[in-house]
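First up is the structure itself, then whatever we jot down about it.
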Amino acid sequence: MKILVLNGPNLNMLGIREPGIYGKNTFADLLALIEKTAREENLEIEQYQSNHEGCLVDKIQEAYGKFDGIVINPAAYTHTSVAILDALKAVSIPAVEVHISDVDAREPFRQISYAGMACVHTIKGRGFEGYREAILYLKEHYA
Ligand code: CA2
């Protein structure tokens, strides 16, 4: 099974600021955790991070016909991007939305998720572990 893991804007700054919300671990730690999960679960995983909405849309489009599942944390674009929602709908690849923090317990604007409307499942507030759970969810339901 081939899974694409997408991370949106500023997630590359993890561990550098706001440890109270996102934890002390770095983005490199997150990449390593996902690589380890891929090895343990015998999955082919590609990872991509961008601060640019269009680049994320391009990557989702390029996944068409190549990947069996997508794990996506669109970060701030979660709450604004109809373009990412449309791209996920267009490719129709099962996608799981992940948020490190519990967005429901934060500002009201974080409680709207456009991307989530095209996702088969959402995991929030589980820290980095949420990515592992999302990968396992895809494996269990779509491998
Ligand atoms: O909880 C999540 O995973 C979020 O997707 C993270 C986004 C936020 O806009 C969403 O509402 C929830 C923000 C990612 C920014 O990451 C930072 C990392 C270090 C320092 C500051 C921000």
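The values are calculated or read from the model by the stated rules, or taken from the named source; none is laboratory data. Keep in mind the model is a prediction, meaning the values are calculated, not measured. All Cβ positions, even for glycine, are placed from backbone atoms using ideal geometry, and neighbour counts span all protein chains on display. We work out accessible area using only protein heavy atoms, side chains counted, and drop any ligands, DNA or RNA first. Shrake-Rupley method; radii C 1.70, N 1.55, O 1.52, S 1.80 Å.
Couple of notes before you dig in:
- Restricting segment 129-143 to residues that are among the hydrophobic types (A, V, I, L, M, F, W, C) and open to solvent by less than 20 Å² (accessible area, probe 1.4 Å), the residue that is farthest from residue 22 (Cα to Cα): 138
- Qualifying positions in segment 94-105 - free of Cβ contacts under 8 Å to residues at least 40 places away in the same chain and either within 29 Å of residue 42 (Cβ to Cβ) or assigned to a loop (DSSP other than H, G, I, E, B) (or both): 95, 97, 98, 99, 102
- Subset of segment 80-112 [within 11 Å of the ligand (Cβ to nearest atom) and in contact with a Cys (Cβ under 7 Å, 6 or more places away or on another chain)]: 97
- Residue list for segment 42-65, filter: within 18 Å of residue 141 (Cα to Cα) and in contact (Cβ under 8 Å) with a residue 24 or more places away in the chain: 43, 44, 45
- Taking segment 1-79 and the helices (runs of 4 or more DSSP H) fully enclosed by it, the elements with 3 or more residues that are within 16 Å of the ligand (Cβ to nearest atom) and surrounded by fewer than 13 Cβ atoms within 10 Å (Cβ to Cβ) are at 19-22.
- Single residue of 133, 62 found to be acidic (Asp, Glu) and over 12 Å from the mean Cα position of the chain (by Cα): 62
- Residue match in segment 94-109 (condition: closer than 23 Å to residue 12 by Cα, among the basic types (Lys, Arg) and surrounded by fewer than 17 Cβ atoms within 10 Å (Cβ to Cβ)): yes
- Note on segment 110-128: among residues that are more than 15 Å from the chain's Cα centre (by Cα) and part of a helix (DSSP H, G or I), the one that is surrounded by the fewest Cβ atoms within 10 Å (Cβ to Cβ) is 111.
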